[in-house]
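Values quoted throughout were computed directly from the atomic coordinates according to the rules given, and no laboratory measurement underlies them. Note that the structure is a prediction, hence the values are computed from the model and not measured. Cβ placement follows ideal geometry from the backbone for every residue including glycine, while neighbour counts extend to all protein chains displayed.
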Amino acid sequence: MPTWLERGINVSLIIACGAFVAIAWQRVSSKARVAGVNGTTATSTYVHGDRLPTLSGVEFSKARQSLVIFVSRTCQYCLDGTL
């Protein structure tokens, strides 16, 4: 018959394994989302003055203002904020 300590360790291991799988799945799925918008692939580096690639279905002229955010796959702070 397992003791309360053995049960506690088993429960802790199950929770730790579940958390590991959840974090790994989140990282894999977020990298897939960051890879491109509408099937397009992002260029490796943008510099000041570069033009935004054409996005099908997006008409910036219809809005009074637009906000475009560029996210880098190599930026730790960009990836930490993804879902």
Assuming R0 = 30 Å, can you tell me the calculated FRET efficiency for the pair Leu52 and Ile23, based on Cβ-Cβ distance, to the nearest 0.05?
0.40
Here FRET efficiency (C-beta to C-beta, Leu5 to Ser61, R₀ 41 Å, nearest 0.05) is 0.05
Put a dot 7 Å past each Cα toward the Cβ at Cys78 and Leu13; how far apart are the dots in nm?
4.1 nm
